[in-house]
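The structure appears right after this line, and notes come after that.
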Amino acid sequence: MSVVDTAILPLRRLLVPAAVVLLLSACARATYDEFRPYDEKADANAAIAALLANNPARKRVLLTFGANWCTDSRALESHYQSPALTGLLQREFLELHIDVGMSHRNLDITARYEDPIDKGIPSVVLLDPEGNTLFVNHGKLSSAASMSDAAIMDFFTRLAAAGRVN
């Protein structure tokens with residue numbers, strides 16, 4: 001083994017893992033950029049008012065507070081996409097995602113609804129068709145990334161049936 005081989009061999013061993021890490025981080029970034037369920041520019045107050053004003057079926061309104069940078073918020077949105085849960089949510093509620101990704105975003109709204117994000121995000125608030133608070137979720141979904149589809153489905157099934165989850 002030459003001096004050149006001795007110097008290059010350790011570099012080769014580092015190069016392959018480094019290339020893999022770079023490729024994976026590029027893939028993760030692309031996924032993050034493509035999947036952003038919380039509109040950071042939306043006027044959430046206007047959106048809530050519009051949902052309440054345009055609700056001829058008199059459905060309850062489900063507000064989901066979260067952030068695009070939050071793994072659990074994004075995981076809950078992935079759960080929302082499952083066919084069974086999508087059907088339940090569409091049947092029972094009008095839905096709105098509210099961005100609380102920056103510390104100052106939409107805090108006026110969280111204050112109005114008993115500070116649902118005080119124990120973490122994502123969090124949900126359930127309103128009656130007039131906008132009165134029926135249920136505030138203080139942290140029950142803040143570990144959504146580690147919750148099973150069945151656990152999430154159970155939470156929303158109980159919420160739909162009773163208007164609250166103990």
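The values are calculated or read from the model by the stated rules, or taken from the named source; none is laboratory data. Since this is a predicted model, take the numbers as computed values, not measurements. Using ideal geometry, Cβ is built from the backbone for each residue, glycine included, and neighbour counts are taken over all protein chains shown.
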For this session: Tell me which residues, restricted to segment 55-105, are under 18 Å from ALA160 (Cα atoms) and basic (Lys, Arg).
Result: ARG58, LYS59, ARG60, ARG91
For this session: Being aliphatic (A, V, I, L, M) and part of a loop (DSSP other than H, G, I, E, B) is the filter; apply it to segment 94-108 and report the residue that is farthest from GLN81 (Cα to Cα).
Result: MET102
Exercise. Does GLN81 fit the bill of being surrounded by fewer than 19 Cβ atoms within 10 Å (Cβ to Cβ) and over 14 Å from the mean Cα position of the chain (by Cα)?
Worked result: no
Exercise. What are the residues in segment 48-73 that are in a helix (DSSP H, G or I) and under 11 Å from ASP99 (Cβ atoms), if any?
Worked result: SER73
Exercise. Which one of these is over 14 Å from LEU51 (Cβ atoms), part of a helix (DSSP H, G or I) and at pLDDT below 95: ALA111, ALA161, ALA145, ALA151?
Worked result: ALA161
For this session: Answer yes or no as to whether LEU76 is crowded, with 19+ Cβ neighbours inside 10 Å, in contact (Cβ under 8 Å) with a residue 60 or more places away in the chain and part of a loop (DSSP other than H, G, I, E, B).
Result: no
Problem set entry | Single residue of segment 95-119 satisfying the filter (under 18 Å from LEU159 (Cβ atoms) and out of contact with any Pro (no Cβ under 9 Å at 6 or more places or on another chain)) that is surrounded by the most Cβ atoms within 10 Å (Cβ to Cβ) | ILE98
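Residues are listed down the side, and each one gets a yes or a no for (1) modelled with pLDDT of 95 or more; (2) under 11 Å from the mean Cα position of the chain (by Cα); (3) not assigned by TED's automatic domain parsing to the domain that holds ILE152:
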| residue | (1), (2), (3) |
| --- | --- |
| ASP39 | no, no, yes |
| LEU52 | yes, no, no |
| SER73 | yes, yes, no |
| LEU94 | yes, no, no |
| ILE98 | yes, yes, no |
| PRO116 | yes, no, no |
